[in-house]
Amino acid sequence: MRESNHGHHGENTARTREFNAFVAGASGRLLHAATLLTTEPAHRNPLAQALLTAALAHTYAHWDRLRGEDPYDVTRADLATRFARTAWRYHRGRGGVLSALTPQERLVVVLRLYEGVAEEQTGALLGLPEERIRAVCARSVSALRAAS
């Protein structure tokens, strides 16, 4: 390992402090969202924790380039796309409240209903038209009502 450049040391600690404050404030809610996606039990959620850790690492790596973007939104977007890319791993529900839904349906429900992300943003994030987001959301809510 090479010696760190002492000129950047102050910046890095401030950045780390800011990031740690963000994590302290946001990680509980983000972990809950991730756990809803993976359908793991809240007390045993290694997949959700891994998803969140990867998303937080991505946010930390881009921290200096956020330029006024909300780090919560950035982390949530990364978490969502990361989940979507690996959704095949989560196909079988693990007993969580959203187990009856497919991974894509879970993603739409968590973003729209739990996180309150607008249809337009959800569609943009998942590469789907708004009508499709609306339809998936309606179908999912019906499926959840039928399952409960």
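The values are calculated or read from the model by the stated rules, or taken from the named source; none is laboratory data. Given the structure is predicted, the values throughout are model-derived calculations rather than measurements. For the accessible areas, the whole protein counts, side chains as well, though only heavy atoms, and no ligand, DNA or RNA atoms are used. Shrake-Rupley method; radii C 1.70, N 1.55, O 1.52, S 1.80 Å.
Available extension along the chain between Arg134 and Trp88 is 14.3 nm, counting 0.36 nm per residue and deducting the alpha carbon span. Every helix of 4 or more DSSP H residues in the chain counts as -39500 (n - 2.57), and over all residues that averages to -21000 deg cm²/dmol at 222 nm.
Rolling a 1.4 Å probe over the heavy atoms of the protein chains gives the chain an accessible area of 58 Å² per residue.
Built from the Cα atoms of segment 1-138, the convex hull projects on average onto 9.9 nm², one quarter of its surface area. Maximal additional length on extending the His43-Glu18 stretch stands at 6.2 nm, based on 0.36 nm per residue less the C-alpha distance. Note on segment 39-110: with neighbouring protein chains present and a 1.4 Å probe, carbon and sulfur make up 56 percent of its accessible heavy-atom surface.
For Leu66 and Ala146, the difference between the fully extended length at 0.36 nm per residue and the C-alpha to C-alpha distance is 24.6 nm. Eigen-decomposition of the gyration tensor built on the alpha-carbon atoms of segment 100-148 gives equivalent ellipsoid semi-axes of 18, 10, 9 angstrom, largest listed first.
Dividing the alpha-carbon radius of gyration of segment 65-141 by the rule-of-thumb value 2.2 N^0.38 Å gives 1.11.
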